[in-house]
Amino acid sequence: MRATDRADLLACIPSLRRYTRGLTGDGDRADDLVQDTLERAWARFSMWQRRGEVRAWLFGIMHNHFVDRLRAQRARPEDGMGDDLPEVAQRPMQGDGLALRDVDRLLQRLSPEHREVLLLVGVEELAYQEVATLLAIPLGTVMSRLSRARAQLRVELQGTADGAATNRIQRVK
Amino acid sequence: MDDNPPLKAVESIGAPMTEAELHAYVDGRLGSARRAEVEAFLAARPDDRERVLDWQAQNLMLRAALGTVHDEPVPLRLTVRPPSPWPWRGLAAGLAIAAVSAGTAWSVRGALDAEAARIALATPPAQGVADEQRLSALAHRAAVAHVVYSPEVHRPVEVGADQEQALVTWLTKRLGTPVRAPALAAVGYELIGGRLLPGDAGPVAQFMYGSASGQRLTLYLSRDIAGQDTAFRFTKDGAVNVFFWREAGFGYAISAGADREELLRVSQEVYRQLKPS
């Protein structure tokens with residue numbers, strides 16, 4: 001692997017971390033997922049034919065890992081992993097930290113499938129067709145998931161309009 | 001609301017306006033001509049306009065909150081590349097773990113450095129020697145993993161013993177070979193749970209056990225450890241005693257602060273239970 005390839009991969013880590021944080025709602029689990037993805041990416045780099053952008057390729061690997069984990073979790077009668085993590089595990093951040101935790105909770109109310117599409121489009125700013133390719137679903141499914149995710153998020157935000165959580169979130173706008 | 005077809009066409013002035021186009025407008029995916037048409041459409045449709053504004057606000061909110069994660073320094077463990085030619089991969093992972101753990105781990109790191117120097121000087125190692133080095137590298141990694149995870153009070157394992165079946169299923173799937181946690185109650189240890197860790201060439205499993213007195217013990221299990229079956233080996237990394245051996249392509253290492261005799265007793269029990277019949 002050339003040094004530039006390595007640099008390309010490393011340059012993607014911040015956006016991989018941002019995306020997995022949105023998916024998992026938990027910093028440690030997010031970084032575990034990033035680590036798994038990078039492990040597989042290093043191992044397979046020679047097989048990657050540069051058919052597309054390296055970031056989309058990494059996101060594809062991550063999607064497969066994420067789906068594997070979901071299946072493993074769904075196979076369990078009860079998944080309490082990480083739910084009782086102490087709040088102190090959070091990286092201390094001024095102001096924005098609160099918003100991040102609120103957004104974590106908000107996103108966890110969406111189904112994983114909706115969350116993926118919403119984040120890939122809205123935060124990672126991938127084109128709809130890129131998302132379809134990456135998730136191996138038809139374009140129409142991308143659009144309907146996006147539509148439902150946004151509709152549900154609207155309801156969630158309106159539903160807690162008087163709550164402190166939303167006030168904090170709106171401060172970010 | 002999810003029952004409604006989400007992509008119904010909304011009536012429009014010029015060309016038919018679809019909901020998909022409203023999303024494309026929000027996500028900046030329309031050409032300027034169509035964008036102007038959407039804006040004209042929205043000007044006459046307060047409800048749709050409200051909806052589009054909310055979607056835009058959602059994007060901004062998500063980007064702002066998750067942007068803090070994007071802008072954080074990347075944790076060390078994610079930047080260490082496991083290089084492909086063996087032993088460096090294991091060494092790099094070991095070093096990364098050692099670097100973030102305190103105390104005893106430093107002495108383990110010293111051992112790894114020494115081994116790195118030894119391996120670097122031996123060119124090229126004979127197959128038998130390489131097998132030996134791989135096995136002792138496994139013991140070092142097991143010791144580091146023990147030092148790092150066994151003092152954890154809140155999260156010593158990824159999956160607890162209350163979900164033993166799920167744990168075993170998961171690890172079996174990830175290691176690609178049947179894995180199970182030996183029952184060690186007879187020798188005084190109860191299963192706490194387990195986790196998946198990066199090994200020399202792929203995933204490895206760590207099972208953690210605890211005794212009534214609070215002593216912790218870990219079983220580190222790696223597949224595809226090439227070489228002949230071996231007898232029990234013993235090594236000491238700082239305060240951690242390790243028994244390790246290779247059997248039918250699996251590498252095993254049992255680490256604990258317990259003394260050598262007790263550890264040997266446990267190792268024999270593990271060997272008895274996990275030996276392929």
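The values are calculated or read from the model by the stated rules, or taken from the named source; none is laboratory data. Here the structure is a predicted model, which is why all the values come from computation and not from measurement. We place every Cβ from the backbone using ideal geometry, glycine too, and count neighbours over all the protein chains shown.
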**Item:** Residue among A:Pro86, A:Pro92 that is within 9 Å of chain B (Cβ to nearest Cβ), at pLDDT below 90 and over 13 Å from the mean Cα position of the chain (by Cα)
**Value:** A:Pro86
**Message:** What's the number of the only condition in (1) buried (at least 17 other Cβ atoms within 10 Å of the Cβ); (2) among the charged types (D, E, K, R); (3) more than 7 Å from chain B (Cβ to nearest Cβ) that A:Arg150 fails to meet?
**Reply:** (3)
**Asked** Do any helices (runs of 4 or more DSSP H) lying entirely in the stretch B:101-216 carry at least 3 residues that are modelled with pLDDT of 85 or more and within 18 Å of B:Leu274 (Cβ to Cβ), and which ones are they?
**Response** B:127-149, B:164-175
**Prompt:** Take the residues of the stretch A:1-39 that are more than 10 Å from every other protein chain (Cβ to nearest Cβ) and over 13 Å from the mean Cα position of the chain (by Cα): which is modelled with the highest pLDDT?
**Reply:** A:Cys12
**Residue in the stretch B:156-170 that is more than 20 Å from B:Phe250 (Cβ to Cβ), in contact (Cβ under 8 Å) with a residue 12 or more places away in the chain, away from every other protein chain (no Cβ under 14 Å) and not basic (Lys, Arg) present** = no
**Prompt:** Is it the case that some residue within the stretch A:151-163 is assigned to a loop (DSSP other than H, G, I, E, B), of a type in the set (D, E, K, R) and modelled with pLDDT under 95?
**Reply:** yes
**Prompt:** So, in the stretch B:8-29, of the ones that are assigned to a loop (DSSP other than H, G, I, E, B) and modelled with pLDDT under 55, which residue ends up nearest to the other protein chains (Cβ to nearest Cβ)?
**Reply:** B:Lys8
**Message:** Of everything in the stretch A:113-127, what is in a helix (DSSP H, G or I) and surrounded by fewer than 20 Cβ atoms within 10 Å (Cβ to Cβ)? Give them in sequence order.
**Reply:** A:Glu113
**Asked** How many of the residues in the stretch B:58-76 are in contact (Cβ under 8 Å) with a residue 24 or more places away in the chain and facing chain A (nearest Cβ under 7 Å)?
**Response** 1
